[in-house]
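The values are calculated or read from the model by the stated rules, or taken from the named source; none is laboratory data. In this text the structure is predicted, and so the values were computed from the model without any measurement. Here Cβ is always computed from backbone atoms with ideal geometry, including for glycine, and neighbour counts include all displayed protein chains. SASA here: full protein model, heavy atoms, side chains in, ligands and nucleic acids out. Shrake-Rupley method; radii C 1.70, N 1.55, O 1.52, S 1.80 Å.
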2 protein chains.
Amino acid sequence: MGATKSEHFTEKQNQIATLAKALGHPARVAIIQYLLKVDTCICGDIVNELPLAQPTVSQHLRELKSAGLIKGNIEGNSICYCIDETALEIFKQFFAHVEDGLDEKKKRCC
Amino acid sequence: MGATKSEHFTEKQNQIATLAKALGHPARVAIIQYLLKVDTCICGDIVNELPLAQPTVSQHLRELKSAGLIKGNIEGNSICYCIDETALEIFKQFFAHVEDGLDEKKKRCC
DNA sequence: AACCTTTATCGTAATATTGCAATATTAAAA
DNA sequence: TTTTAATATTGCAATATTACGATAAAGGTT
């Protein structure tokens, strides 16, 4: 096989997995960190920041975009990439939920 | 090609990516959620909770374990799996950092 | 127009992941 | 000791990901 059986899991589980998967590569973590670091969203030099060829970076950007972690607006002949806070909100919510679950458990095990 | 060029990225970037990748599959999200839901850590019925064959579940558990998201103690002839809070702490820290970065940016763009 | 810059897409090779049947391992139970 | 139950490992097929050279597309600049 090799294909994930997404249809057997809940929408929420697939959503979290998709976001996590998008963040599951150091280049994509680096891109997110860079977008946070630079002052403006008028980027266009992401390629120079990464130790990867331009087509590879473009591919990583597309994956981040399709997962909803970033958004890109065309700005003249370059593109302005930004972090999409909606996705981060979902992530944050999941971890808050995990945290709550752990607090509950503390009372009776491990 | 096909292999991630980890050596070109920082240790932190690789660490976050590894954790995120481990969570990047709905079955593994489901496992984490299940470990949070059940009352005790004396599990052993994770296989029955998932719509996947036993060897597949075992493999997912191993991946979560090697990423540091869960730990497993042998308990008689079954195994007691628990969430490893250390990994979650790293994750939480990363998102806090992202949050801070976004607050900074709010002042001047997008 | 001809040219440059920036980003995307295509094609392809190398490698990784997903999933499961078959089988092994381990320890408790009978 | 034989059996049973729980989990791991092996081997393999199907599919996905990663990376990049070559090339295309789109918008500026001269």
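Within region B:1-23, if we keep just the residues that are more than 7 Å from chain A (Cβ to nearest Cβ), under 18 Å from B:L88 (Cβ atoms) and within 13 Å of DNA strand D (Cβ to nearest atom), the residue that is surrounded by the most Cβ atoms within 10 Å (Cβ to Cβ) turns out to be B:A22. Does B:V57 satisfy the criteria of being within 12 Å of DNA strand D (Cβ to nearest atom) and free of Cβ contacts under 8 Å to residues at least 24 places away in the same chain? Judged against the criteria, B:V57 is not a match. Please determine whether any residue of region A:27-41 is modelled with pLDDT of 95 or more and hydroxyl-bearing (S, T, Y). No. The single residue among A:I79, A:I31, A:I46, A:I83 that is open to solvent by less than 20 Å² (accessible area, probe 1.4 Å) and within 11 Å of DNA strand C (Cβ to nearest atom) turns out to be A:I46.
Can you pull out every residue in region A:42-81 that is of a type in the set (A, V, I, L, M, F, W, C), modelled with pLDDT under 95 and touching a strand residue (DSSP E or B) at 6+ places or on another chain (Cβ under 6 Å)? Within region A:42-81, A:I42, A:C43, A:I70, A:I79, A:C80 qualify.
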